[in-house]
1. Evaluate region 199-206: report whether one residue or more is among the aliphatic types (A, V, I, L, M) and open to solvent by less than 20 Å² (accessible area, probe 1.4 Å).
2. Just to be sure I understand, how many residues within region 24-38 are open to solvent by 60 Å² or more (accessible area, probe 1.4 Å) and under 19 Å from TRP210 (Cα atoms)?
3. Scan GLU209, GLU171, GLU145 and give me the residue that is open to solvent by less than 10 Å² (accessible area, probe 1.4 Å) and among the acidic types (Asp, Glu).
4. Hey, among VAL155, VAL176, which residue is β-branched (Val, Ile, Thr) and open to solvent by 60 Å² or more (accessible area, probe 1.4 Å)?
5. Would you say SER88 is open to solvent by 50 Å² or more (accessible area, probe 1.4 Å), at pLDDT below 95 and under 19 Å from the mean Cα position of the chain (by Cα)?
6. Considering only region 115-131, I want to know if a residue exists there that is in contact with a Lys or Arg (Cβ under 8 Å, 6 or more places away or on another chain), open to solvent by less than 10 Å² (accessible area, probe 1.4 Å) and without any contact (Cβ under 8 Å) to a residue 60 or more places away in the chain.
7. So PHE97 clears everything in (1) open to solvent by less than 50 Å² (accessible area, probe 1.4 Å); (2) farther than 24 Å from ASP165 by Cβ; (3) over 18 Å from the mean Cα position of the chain (by Cα); (4) of a type in the set (A, V, I, L, M, F, W, C) except one condition, right? Which one?
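The values are calculated or read from the model by the stated rules, or taken from the named source; none is laboratory data. As the structure is a computational prediction, the values presented were derived from the model and not from experiment. Cβ sites come from the backbone with ideal geometry, for glycine too, and all protein chains shown count toward neighbours. Heads up: the accessible areas ignore ligands, DNA and RNA and are worked out on the full protein's heavy atoms, side chains in. Shrake-Rupley method; radii C 1.70, N 1.55, O 1.52, S 1.80 Å.
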Amino acid sequence: MSDGSTFSAHAWGRNLPTYEAIRTMPFNDALAAGTLSPEQFRHYMIQDAHYLIAFGRALALAAAKADDPDGLVQFAEAAKVAVVVERSLHADFFETFGVSADEFARTPMSPVCHHYSSFLIATAHAEPYPVALAALLPCFWIYAEIGRDILGRAVRPNPYDAWIDTYAGEEFHEAVRAVIATTDRAAAGASPGELARMHAAYRHATQLEWMFWDSAWRQADWPV
C-alpha cells in the first residue's frame, strides 16, 4: 500500500514479525475457519465496541491537530465512522449473539482494551500531529490486511461473514490508503525526534493489536 521510501513502508517492515504473529494467531485462524466460539466472539465484540468509542475520541483529537483542512475533514469523518457507522455493525452482532445493551453497559473494559484506549487518547492529546497519526495507523492498516488475508482463506458460509466482508471490503481499504498517505505526508515534515517517536508509537500500537486479539481468545478479565 505504500512506497518503499515512506514512513509507512519503514514502519510496516520493522513490525512485520508482529503482523505475522497477528495473522497466524489462534483467534484469526479460528475466525477464518468459522470455528471461533460464540463466547470468544462476544467478548471480542463487547471490548471492540468499548474500544471504538475511545478510538473515535483519539481521531477527533487528531482532527483538531491537523495541519490542513483536508486532514481536519478526514479525521473528523473517521471519528464519525468509528463511533456511528462501525457501531451499527456491533449492534447487529450484539443482536445475533445475544448481547443486550444492559450487558454491554455492565461489562467494563478488559485490561488490554483499557491500556490500548488510554494509550491512543493520551498520545493523541499529548503528542504532535505526526505522532498521533502513527499511533492510530496500525488499527486501520492491520485490520485491512487481516480482513483481506482472512477473506482469502475463510470457510464460507461463515458465522462471521459480516465481519470478514466489512474489513476486506474496498470501501474500508480506500479509507486505509488515505490514512497511510496522510501519515506519510505528516512524516515528511517531521523532525528526527518526531520520526523516532512516530516509530515508537506505531510499534506500541501494533503490539497492542496482538494483545487485543489474544485477550479475546483467552476471554481475559481483570485478575482481581
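1. Within region 199-206, the subset among the aliphatic types (A, V, I, L, M) is 200-201, 205.
With open to solvent by less than 20 Å² (accessible area, probe 1.4 Å) added as a condition, the list becomes 201, 205.
Scanning region 199-206, I find at least one residue that is among the aliphatic types (A, V, I, L, M) and open to solvent by less than 20 Å² (accessible area, probe 1.4 Å), so the answer is yes.
2. Selection size over region 24-38: 3.
3. Values: GLU171 fails: open to solvent by less than 10 Å² (accessible area, probe 1.4 Å); GLU145 fails: open to solvent by less than 10 Å² (accessible area, probe 1.4 Å).
Answer to the check: GLU209.
4. Numbers: VAL176 fails: open to solvent by 60 Å² or more (accessible area, probe 1.4 Å).
When all the criteria are applied, what remains is VAL155.
5. On the way: open to solvent by 50 Å² or more (accessible area, probe 1.4 Å): yes; at pLDDT below 95: yes; under 19 Å from the mean Cα position of the chain (by Cα): yes.
Yes.
6. Scanning region 115-131 turns up no residue that is in contact with a Lys or Arg (Cβ under 8 Å, 6 or more places away or on another chain), open to solvent by less than 10 Å² (accessible area, probe 1.4 Å) and without any contact (Cβ under 8 Å) to a residue 60 or more places away in the chain.
7. (2)
Conditions tested, residue by residue: (1) of a type in the set (D, E, K, R); (2) within 13 Å of the chain's Cα centre (by Cα); (3) buried (at least 19 other Cβ atoms within 10 Å of the Cβ).
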position: ALA49; (1), (2), (3): no, yes, yes
position: PHE55; (1), (2), (3): no, yes, yes
position: LEU61; (1), (2), (3): no, no, yes
position: ALA66; (1), (2), (3): no, no, yes
position: LEU72; (1), (2), (3): no, no, no
position: PHE75; (1), (2), (3): no, no, yes
position: PHE93; (1), (2), (3): no, no, yes
